[in-house]
1. Tell me which residues, restricted to the stretch 96-111, are out of contact with any strand residue (DSSP E or B) (no Cβ under 7 Å at 6 or more places or on another chain) and in a strand (DSSP E or B).
2. Being under 19 Å from VAL22 (Cβ atoms), modelled with pLDDT of 90 or more, acidic (Asp, Glu) and open to solvent by less than 60 Å² (accessible area, probe 1.4 Å) narrows it down to one residue among GLU136, GLU42; which is it?
3. Mind checking which residues of the stretch 16-33 are of a type in the set (A, V, I, L, M, F, W, C), more than 22 Å from PRO106 (Cβ to Cβ) and touching a residue at least 40 places away in the same chain (Cβ under 8 Å)?
4. Identify, please: which residue in the stretch 119-133 is surrounded by fewer than 14 Cβ atoms within 10 Å (Cβ to Cβ) and outside any loop (DSSP other than H, G, I, E, B) and is, among those, nearest to the chain's Cα centre (by Cα)?
5. Out of the stretch 1-41, which residues are more than 14 Å from the chain's Cα centre (by Cα) and aliphatic (A, V, I, L, M)?
6. Given (1) open to solvent by less than 70 Å² (accessible area, probe 1.4 Å); (2) outside any loop (DSSP other than H, G, I, E, B); (3) at pLDDT below 95, where does GLY145 come up short, assuming only one miss?
7. Has the stretch 61-69 got at least one residue that is over 16 Å from PRO2 (Cβ atoms) and at pLDDT 95 or above?
Amino acid sequence: MPVPQGTSVVSDYLEREGLSDVVFVAHSKGGLIAKHLLVFSESARRVRSVVAISTPFGGSRYATYMLNKTLRSLAPANETMVLLARSVDANARILSIFPRFDPHIPEGSLLEGAQNVEVATPGHFRVLSDSQTRAEALSAAAAGGLPQ
């Protein structure tokens with residue numbers, strides 16, 4: 001589903017369950033959904049922080065060539081991607097963890113104003129099994145927010 005629709009699903013869940021002080025741990029497009037929620041949803045008040053792993057914050061040039069419309073929406077020039085890139089205030093609540101090389105996101109996942117952690121394990125999915133990725137994500141979740 002498109003990022004804005006994913007945001008609605010997550011926002012509805014947070015409201016329905018009455019959750020607060022939430023720390024999201026999200027991979028790839030999930031990180032975009034979490035940032036979109038921080039920027040555009042009333043439910044942002046329920047979220048303490050986001051741990052985004054291999055998230056294409058600046059989009060991916062490869063998305064332009066995808067047959068699937070939802071994947072094409074991750075192209076850097078897509079309206080949602082442009083709006084998210086311009087919304088820098090929310091970045092302070094995001095920990096972006098990314099591999100030194102991601103074949104799906106050649107532009108990388110470095111996010112200005114966020115806490116950024118590069119791990120040595122290459123790959124868009126392999127980074128999920130990296131011990132440093134797990135340690136950073138668990139530290140943020142256990143602390144109830146971003147590691148200091």
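The values are calculated or read from the model by the stated rules, or taken from the named source; none is laboratory data. Owing to the predicted nature of the structure, the values given are computational and were not obtained by experimental measurement. Reconstructed Cβ throughout: ideal geometry from the backbone, glycine too, with neighbour counts over all protein chains shown. These area figures cover heavy atoms from the full protein model, side chains too; ligands, DNA and RNA do not enter into them. Shrake-Rupley method; radii C 1.70, N 1.55, O 1.52, S 1.80 Å.
1. Hits for the stretch 96-111: nothing passes.
2. Exactly one residue qualifies, and that residue is GLU136.
3. Those that are of a type in the set (A, V, I, L, M, F, W, C), more than 22 Å from PRO106 (Cβ to Cβ) and touching a residue at least 40 places away in the same chain (Cβ under 8 Å): VAL23, VAL25.
4. Residue satisfying both the conditions and the ranking: SER129.
5. MET1, VAL9, LEU14, LEU19, VAL22, listed by residue number.
6. (2)
7. No, that holds for no residue.
One line per residue, one yes/no per condition, for (1) without any contact (Cβ under 8 Å) to a residue 60 or more places away in the chain; (2) surrounded by fewer than 22 Cβ atoms within 10 Å (Cβ to Cβ); (3) more than 20 Å from ARG45 (Cβ to Cβ):
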site: ALA90; (1), (2), (3): yes, yes, no
site: ILE97; (1), (2), (3): yes, no, yes
site: HIS104; (1), (2), (3): no, yes, yes
site: LEU110; (1), (2), (3): yes, yes, yes
site: ASN116; (1), (2), (3): yes, yes, yes
